[in-house]
Amino acid sequence: MSKKVYHLELEEELLEDEILALHTTLEAHQIAFFLNQSIGAKFKRSKKDLYGKKVKTSFIHFEWKNQAYDLNCSLFSNKNSNEKDQQNLNSTALFDIPLRNKVSLISEFKTVDFFIKSTDSNTIETILSRLKDWSSISLIYAIPVNKIKNQLNLIFD
């Protein structure tokens, strides 16, 4: 009796990140709360904030993980400002005004306030359609991942 051997070809889908850029005056927790209320998301503040590679500063990070659907979605800030006292510097200024250094996590998009990253295109489309209707968001658009030069900034694990 001969044995039959079946060879199955598995097509692996490469999950590519999709990224939304947000321009707004809101805080990260306000955006997370709105998305939690409007689309049933469960964004929670991450235990670890993101840290810039070049500049020592932290960026706010919210996560939404759904193990049942293998969904990972992140909301993170792109801007932060560091303040330094001028007393440490040799300064002849009349007033003690702190020096502010504005830093961006993704330097190609310095004007973007927040990013939303997910591997699920349906989630990105839902978030995009919901945030477009919100008057507190000035501008929202999708960014191709290949436009970001240093993609190591997008690895959060």
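The values are calculated or read from the model by the stated rules, or taken from the named source; none is laboratory data. These numbers come from a predicted model, not from an experiment. Note that we place each Cβ from the backbone using ideal geometry, even for glycine, and neighbour counts take in every protein chain shown.
Any chance segment 2-19 includes a residue that's in contact with a helix residue (DSSP H, G or I) (Cβ under 8 Å, 6 or more places away or on another chain), of a type outside the set (Val, Ile, Thr) and at pLDDT below 85?
We begin by selecting, within segment 2-19, every residue in contact with a helix residue (DSSP H, G or I) (Cβ under 8 Å, 6 or more places away or on another chain); these are 16-19.
Now drop any that are not of a type outside the set (Val, Ile, Thr), which leaves 16-18.
Checking which are at pLDDT below 85 leaves us with 16-17.
Yes; the residues of segment 2-19 include at least one that is in contact with a helix residue (DSSP H, G or I) (Cβ under 8 Å, 6 or more places away or on another chain), of a type outside the set (Val, Ile, Thr) and at pLDDT below 85.
Do you know which residues across segment 18-45 are within 15 Å of the chain's Cα centre (by Cα) and either acidic (Asp, Glu) or closer than 15 Å to LEU128 by Cα (or both)?
Selection gives GLU18, ILE19, LEU20, ALA21, LEU22, HIS23, THR24, GLU27, ILE31, ALA32, LEU35.
How about segment 32-85: which of its residues are assigned to a loop (DSSP other than H, G, I, E, B), in contact with a helix residue (DSSP H, G or I) (Cβ under 9 Å, 6 or more places away or on another chain) and at pLDDT 85 or above?
Listed by number, the residues that qualify are ALA41, LYS42, PHE43, ILE60, ASN78.
All but one of (1) at pLDDT 90 or above; (2) surrounded by 13 or more Cβ atoms within 10 Å (Cβ to Cβ) hold for THR25; state the number of the condition that does not hold.
(2)
Provide a single number: the residues in segment 110-143 that are touching a residue at least 12 places away in the same chain (Cβ under 8 Å) and either within 12 Å of the chain's Cα centre (by Cα) or under 26 Å from GLN67 (Cα atoms) (or both).
19
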